[in-house]
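The values are calculated or read from the model by the stated rules, or taken from the named source; none is laboratory data. Predicted model, so just to flag it, every value in this text is computed and none were measured. Neighbour counts run over all protein chains shown; Cβ positions are idealised from the backbone, glycine included.
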């Protein structure tokens with residue numbers, strides 16, 4: 001129980017610290033509001049400026065590391081169940097890939113359009129697969145326990161819905177032209193290129209990040 005409390009506490013504190021200190025650092029440095037609608041996760045730190053940049057990165061690294069903890073706890077509890085080892089190893093691998101892709105998403109800038117698109121696509125796809133794999137494991141645990149523990153079924157279905165939501169985000173047709181900018185012409189004929197108020201890829205990345213946090217918390221609840 002102590003390990004579960006520590007994992008959940010550190011996961012939540014690290015995520016909140018990453019977000020709060022990242023946004024605060026950006027706003028203090030550039031005297032501008034950070035918007036989830038059109039700004040990417042990497043923009044919290046890619047300028048390498050600000051008094052809170054080190055604190056933000058500390059929480060980012062801690063969150064990335066502990067985002068794997070729900071899978072590790074499930075592996076430690078159910079690895080001895082017949083037929084579950086391969087499923088649990090698959091879930092563990094997907095959690096690791098998801099963590100690495102999340103960290104990469106905070107590094108690769110959008111000006112590298114093709115590379116950033118590849119990283120975002122991997123992040124979306126692995127996130128959907130991770131929630132789907134967790135759903136399969138939990139529903140199978142419900143079945144193998146003679147349909148007694150309804151907790152596994154409920155959380156398994158919620159994980160499936162999170163995975164499906166991530167899949168819908170990934171398949172959004174508007175993502176094909178995510179790099180398209182708005183252009184306006186001043187009175188003197190100068191063409192001004194600016195980012196749209198709603199930048200579909202940036203907002204999608206934030207959505208999946210929050211969905212992943214929910215999936216991790218649900219898996220920790222299933223561990224109890």
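Tabulated data
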| quantity | calculated |
| --- | --- |
| Flag if residue 84 is modelled with pLDDT under 90, crowded, with 17+ Cβ neighbours inside 10 Å and over 22 Å from residue 120 (Cβ atoms) | yes |
| Qualifying position, being assigned to a loop (DSSP other than H, G, I, E, B) and either touching a residue at least 12 places away in the same chain (Cβ under 8 Å) or within 16 Å of the chain's Cα centre (by Cα) (or both), among 118, 107, 89, 97 | 107 |
| Odd one out for residue 73, checked against (1) assigned to a loop (DSSP other than H, G, I, E, B); (2) surrounded by 19 or more Cβ atoms within 10 Å (Cβ to Cβ) | (1) |
| Enumeration of residues in the range 49-58 that are at pLDDT 90 or above and surrounded by 20 or more Cβ atoms within 10 Å (Cβ to Cβ) | 56 |
| Some residue of the range 125-143 being in a helix (DSSP H, G or I), surrounded by fewer than 17 Cβ atoms within 10 Å (Cβ to Cβ) and in contact with a helix residue (DSSP H, G or I) (Cβ under 6 Å, 6 or more places away or on another chain) | no |
| Hits in the range 193-224 (condition: touching a helix residue (DSSP H, G or I) at 6+ places or on another chain (Cβ under 8 Å) and in a loop (DSSP other than H, G, I, E, B)) | 224 |
| Conditions (1) under 20 Å from residue 11 (Cβ atoms); (2) part of a loop (DSSP other than H, G, I, E, B); number of the one not met by residue 148 | (1) |
| Scan of the range 1-30 for residues that are crowded, with 17+ Cβ neighbours inside 10 Å and under 12 Å from residue 45 (Cα atoms), ordered by number | 18, 19, 21, 22, 23, 24, 25, 26 |
| Filtered residues of the range 29-42 (kept if part of a helix (DSSP H, G or I) and either farther than 26 Å from residue 112 by Cα or at pLDDT 90 or above (or both)) | 41, 42 |
| Some residue of the range 183-198 being surrounded by fewer than 14 Cβ atoms within 10 Å (Cβ to Cβ), at pLDDT 80 or above and more than 16 Å from residue 34 (Cα to Cα) | no |
| Residue within the range 8-18 that is modelled with pLDDT of 90 or more, outside any helix (DSSP H, G or I) and at negative phi present | no |
